[in-house]
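Report on one structure; see the data block that follows.
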Amino acid sequence: MTKPKQDLDGELAVEDQIRTEKPKLYKVLLHNDNFSTMEFVVHVLISIFNHSENSAIEIMLHIHHNGLGLAGIYSYEIAETKVSKVKALAKEAQYPLLCTLEPE
């Protein structure tokens, strides 16, 4: 709601209303490949995305059967950080696991 305010010259000034928007959310996706083990993908889902073991196994199987799976939905900065962590962990383990983000 805008609120009238007196200007120094005695004229009526109107304050601008500031609206904040919810940040856009981004999906973090894991892609299937023929080299990363199922155990490694489950490890990534548990350690980086904080899934339970059962949830991680379900997501891993979805990725395995469909080629792509949702690891989580986050604000841009958090999604970007999680993608970077997955890439670093995969590189360290010498797996080509692909992790991307896209707008929700």
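A few points about this structure:
- For S75, the residues whose modelled amide H falls within less than 5 Å of its own, excluding neighbours fewer than 5 places apart on the same chain, are Y26.
- Sorting I63, I48 from the fewest to the most surrounding beta carbons within 10 angstrom yields I48, I63.
- Under 18 Å from the E58 label point (7 Å along Cα→beta-carbon), backbone N, region 70-104: 70-73
- On a per residue basis, the convex hull of the C-alpha atoms belonging to the chain measures out at 134 Å³.
- J(HN,Hα) series, region 60-67, from Karplus relation 6.51 cos²θ - 1.76 cosθ + 1.60, nearest Hz, glycine and proline x: 4, 5, 4, 4, 4, 7, 10, x
- Candidates per trypsin sites (Lys or Arg not before Pro) in region 22-104, loop by DSSP, up to 14 other Cβ within 10 Å: K24
- Normalising the average separation of contacting C-alpha pairs (under 8 angstrom, six or more residues apart) by the number of residues puts the relative contact order of the chain at 37 percent.
- Extension gain, H65-T81: 0.36 nm per intervening residue step, less the Cα-Cα distance, totals 3.1 nm.
Where a number appears in this text, it was derived from the coordinates with a stated rule and is not lab data. Keep in mind that this is a model prediction, so the values were computed, not measured. Note: ideal-geometry Cβ built from the backbone for every residue, glycine included; neighbour counts use all protein chains shown.
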